[in-house]
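Below is one structure; the comments refer to it alone.
Read-outs: derived from the displayed coordinates by stated rules, not from any lab. Keep in mind it's a predicted model, so treat the numbers as computed, not measured. Every residue, glycine as well, gets a Cβ built from its backbone with ideal geometry; the counts of neighbours run over all protein chains shown.
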Amino acid sequence: MEDYGKVPPRMSKELVERELGAIGMMIARLADVDIFPWLESKKNPTANEVYRAATIVADRLCGAIANPIIRNAQEKRQLATIRRWLEGRGYTFIPAGGKLRAAAMKPGQFAFHLNVPVNLNENRQINIPVDAAIMPTKAGPRELPFLVEAKSAGDFTNVNKRRKEEAIKITQLRRTYGKDVRYVLFLCGYFDSGYLGYEAAEGIDWVWEHRIDDLTEFGL
């Protein structure tokens, strides 16, 4: 329907009406009456009300489409910054692909978008993605790489909604590899005290992008 403006041609008229009615009921249930006041007043909307509602919806739609694009571009830039910093200190980049394993990394190597296996329970294991895995040049045998999560935010609105993502990851990593797992956030943008305090309470440290040299404090 969204792509072609048509209903499935093989559906019966009764089924189409029933399904469209269900969709309409759900939309009406979720609709914000502050944006669409005529739904509550049961009156025909004025031209100004329609224009205002359309403007708000268009703005939110643009944000929903643009924000992931911006975040992906920011992540690429952040990882490029990390790569320049590491290569300037003699580290070697290795493509992660699908075959590289964290346990197989050698001292002085780093990779991006690496999958690290973690145990959910005794019978189930999954892979969790990390943005950067760095094996310090002085790493000992069987040592897990230093893990970095690149995070950027253009405002304070969404960061607190996403803060649990890192808490879940560090919990799974510690459950599998022990409490000495090293996992930090590489931050750029708007992260307030509420977000930082939450991460600190979970034992997660962070490095600001404009202070990337602070990575040396972690032995890199």
Worksheet item: Has the stretch 132-152 got at least one residue that is of a type in the set (Ser, Thr, Tyr), closer than 24 Å to residue 213 by Cα and more than 15 Å from the chain's Cα centre (by Cα)?
Response: yes
Worksheet item: Can you tell which of 71, 84 is under 30 Å from residue 210 (Cα atoms), of a type in the set (Lys, Arg) and in contact (Cβ under 8 Å) with a residue 24 or more places away in the chain?
Response: 71
Discussion item. As an exercise: evaluate residue 188 against (1) surrounded by 16 or more Cβ atoms within 10 Å (Cβ to Cβ); (2) not in a strand (DSSP E or B); (3) not charged (D, E, K, R) and give the number of the one condition it does not meet.
Written reply: (2)
Item to complete: With the condition kept exactly as written, say whether any residue in the stretch 27-42 is over 30 Å from residue 151 (Cβ atoms), outside any loop (DSSP other than H, G, I, E, B) and under 29 Å from the mean Cα position of the chain (by Cα).
Response: yes
Worksheet item: Where residues in the stretch 60-101 are in a helix (DSSP H, G or I) and more than 21 Å from the chain's Cα centre (by Cα), which of them is surrounded by the most Cβ atoms within 10 Å (Cβ to Cβ)?
Response: 86
Item to complete: Answer with yes or no whether residue 57 is surrounded by 10 or more Cβ atoms within 10 Å (Cβ to Cβ) and over 29 Å from residue 151 (Cβ atoms).
Response: no
